[in-house]
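Below is one structure, written out as structure tokens, with a few remarks after it.
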Amino acid sequence: MPLSGVETGQQLLQLGVEFTALVASNDDMVIAAVRALYASGKRIPQDVSLLSFDEIPMASFFVPPLTTVHMPVGKILKHTLEKLVLMLDGQPTEPLPAFNGQLVVRDSVVAGPYKGRT
């Protein structure tokens, strides 16, 4: 587990600021942060909802299963490598297209206090 996720979770808890959700840049970091959350007595998702990016295979098996954003990594890599080959050949390239993620909602989140408000 990435130590930075554990350390970040510990730092958030040491600040004493109440929070109800944690969003991490990848699934591994949020899984690591859970260690600090559990150690402080926090329950997931009752006390803290979790959301991350990647949708690693373990995300659906984690307890509770992680809500995550699936990104088309294969497609992103393919386009990036194609652009890199063109650049190395000295050919002009267009910017990479935007890649849309897909939110995969699982049991690591609960409705927040602002649900339904506009």
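The values are calculated or read from the model by the stated rules, or taken from the named source; none is laboratory data. If you're wondering where the values come from, they're calculated on a predicted model, not measured in any experiment. In this analysis, Cβ positions are derived from the backbone assuming ideal geometry, glycine residues included, and neighbour counts consider all displayed protein chains. Ligands, DNA and RNA are excluded from the accessible area calculation, which covers all protein heavy atoms including side chains. Shrake-Rupley method; radii C 1.70, N 1.55, O 1.52, S 1.80 Å.
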Counting alpha carbon pairs within less than 8 Å and at least 6 residues apart, what relative contact order, in whole percent, applies to the chain?
25
Convex hull per residue volume in Å³, alpha carbons only, for the chain:
151
Under a straight-distance cross-link criterion of Cα-Cα below 20 Å, which aspartates and glutamates are reachable from Lys83, leaving out those fewer than 8 residues away in the same chain?
Glu94
Partners for Lys42 among aspartates and glutamates (Cα-Cα distance below 20 Å; same-chain residues under 8 apart left out):
Glu7, Glu18, Asp27, Asp28, Asp107
Could you calculate the FRET efficiency of Gln10 with Val110 from 1/(1 + (r/R0)^6), where r is the beta carbon distance between them and R0 is 35 Å, rounded to 0.05?
0.90
For the chain, set up a GNM with springs between Cα atoms under 10 Å and report which of Thr68, Thr93, Thr80 has the largest fluctuation.
Thr93
Within the set Leu66, Leu50, Leu15, GNM on the chain using Cα springs under 10 Å gives the largest fluctuation to Leu15
Quick one: what are the phi-derived ³J(HN,Hα) couplings along the range 54-66, Karplus 6.51/-1.76/1.60 with θ = phi - 60°, whole Hz, x for glycine and proline?
2, 6, 5, x, 5, 4, 7, 9, 5, 10, x, x, 7
Starting from the range 25-118, pick out the chymotrypsin sites (Phe, Trp or Tyr not before Pro) whose DSSP state is loop and whose Cβ has at most 14 other Cβ atoms within 10 Å.
Phe61, Phe99, Tyr114
With a 1.4 Å probe and all protein chains left in place, how much of the accessible area of the range 2-71 comes from carbon and sulfur atoms, in whole percent?
60
The chain, accessible area per residue, ligands and nucleic acids excluded (1.4 Å, Å²):
67
Can you say what percent of the DSSP beta bridges in the range 1-112, counting only those with both residues inside, are antiparallel? Round to 5.
35
How big is the Kirkwood radius of the range 2-71, worked out from every pair of different alpha carbons and given in Å to one decimal?
11.9
